[in-house]
Amino acid sequence: MLIKICGIRNLEDAIVSSSFNPDYLGLIFCDSPRKVDIATGKKIVNSLSNKKFIGVFQNNPIEEVLEIAKSCNLFGVQLHGEEDPRDIEIVKENKFIAIKAFRIENSLPKNLSEYKPDYFLFDKVKGIKNLNTDALKDYNLNILFLIAGGLSSENVLDIITKISKPQFCGVDLASGVERGNKKDPVLLKNFFSALKKQTLFGGQKVE
């Protein structure tokens with residue numbers, strides 16, 4: 001299972017999160033309480049050069065996205081807005097992995113098949129507690145996907161065991177492992193411990 005810890009605000013967050021060996025760490029460069037500036041992003045990535053960082057953007061011009069991604073030496077780009085399918089192609093052409101995120105409520109976007117990212121990310125809509133996993137029942141594309149939206153040690157097993165799709169490959173966490181606007185080592189430990197209690201995905205335990 002892929003694990004992405006998103007909303008890294010500073011080097012301390014990055015060090016604490018990276019100690020749990022997630023596959024990806026996420027830096028948010030769009031409007032968000034967890035937004036980082038380019039200088040901070042560079043500092044974090046340069047300090048942990050052996051880690052893979054994903055930059056999160058929302059409706060930024062694609063030229064700006066690529067400029068920041070290259071400047072910060074990012075591994076990948078996540079587009080979380082109303083971006084055009086062509087933007088995903090451009091990201092991939094520039095040798096970054098591409099994640100296209102959608103907030104879903106009761107159904108998948110009608111134009112989902114127009115996008116060809118490396119991964120989809122399905123997030124909950126604002127104002128509801130958790131992702132509606134029933135909305136994923138009609139997913140039939142040959143593209144892996146992750147889920148997000150308030151995941152914590154208390155709810156992650158209940159949520160992921162409701163998803164039977166073989167394309168489901170990972171989780172993206174942020175607020176569920178934070179305390180006082182910081183990534184919390186105890187909450188992170190609890191989250192990873194919760195995942196390890198369940199044997200998933202071909203019988204392999206989450207590491």
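Kindly provide the set of residues from region 135-169 that are without any contact (Cβ under 8 Å) to a residue 24 or more places away in the chain and either at positive phi or not in a loop (DSSP other than H, G, I, E, B) (or both), ordered by number.
If the condition is that a residue be without any contact (Cβ under 8 Å) to a residue 24 or more places away in the chain and either at positive phi or not in a loop (DSSP other than H, G, I, E, B) (or both), then D158 is the only one that fits.
Kindly list, by first and then second residue, each pair from a residue in region 181-198 that is in a helix (DSSP H, G or I) to a residue that is surrounded by fewer than 14 Cβ atoms within 10 Å (Cβ to Cβ), limited to pairs with Cβ atoms under 6 Å and residues at least 6 apart or on different chains.
K196/K205
What's the total number of residues in region 58-75 that are surrounded by 15 or more Cβ atoms within 10 Å (Cβ to Cβ) and part of a loop (DSSP other than H, G, I, E, B)?
The number of residues fulfilling the criteria is 5.
Restricting to region 11-32, name every residue that is surrounded by fewer than 18 Cβ atoms within 10 Å (Cβ to Cβ) and over 15 Å from V177 (Cα atoms).
Answer for region 11-32, where residues must be surrounded by fewer than 18 Cβ atoms within 10 Å (Cβ to Cβ) and over 15 Å from V177 (Cα atoms): L11, D23, C30, D31, S32.
Taking the conditions exactly as written (in a loop (DSSP other than H, G, I, E, B) and buried (at least 16 other Cβ atoms within 10 Å of the Cβ)), does G55 satisfy them or not? Working first, answer last.
Values: in a loop (DSSP other than H, G, I, E, B): no; buried (at least 16 other Cβ atoms within 10 Å of the Cβ): yes.
Judged against the criteria, G55 is not a match.
Run down L27, L112, L74, L2 and say which single residue is closer than 30 Å to K129 by Cβ, of a type in the set (A, V, I, L, M), at pLDDT 95 or above and under 16 Å from the mean Cα position of the chain (by Cα).
Testing whether each residue is closer than 30 Å to K129 by Cβ, of a type in the set (A, V, I, L, M), at pLDDT 95 or above and under 16 Å from the mean Cα position of the chain (by Cα) leaves just L27.
Testing G41 on (1) surrounded by 15 or more Cβ atoms within 10 Å (Cβ to Cβ); (2) touching a residue at least 60 places away in the same chain (Cβ under 8 Å); (3) of a type outside the set (D, E, K, R), one condition comes back false. Which one is that?
With (1) surrounded by 15 or more Cβ atoms within 10 Å (Cβ to Cβ); (2) touching a residue at least 60 places away in the same chain (Cβ under 8 Å); (3) of a type outside the set (D, E, K, R) applied to G41, the lone miss is (2).
With (1) touching a helix residue (DSSP H, G or I) at 6+ places or on another chain (Cβ under 6 Å); (2) part of a helix (DSSP H, G or I); (3) over 27 Å from S193 (Cβ atoms) as the list, and I44 as the residue in question, which single condition is left unmet?
(3)
Output the number of residues of region 91-101 satisfying the condition of being surrounded by fewer than 18 Cβ atoms within 10 Å (Cβ to Cβ) and touching a residue at least 12 places away in the same chain (Cβ under 8 Å).
Matching residues across region 91-101 total 3.
The values are calculated or read from the model by the stated rules, or taken from the named source; none is laboratory data. Because the structure is predicted, anything quoted here is derived from the model rather than measured. Methodologically, a virtual Cβ is constructed for each residue, glycine included, from the backbone with ideal geometry; neighbour enumeration extends over all protein chains shown.
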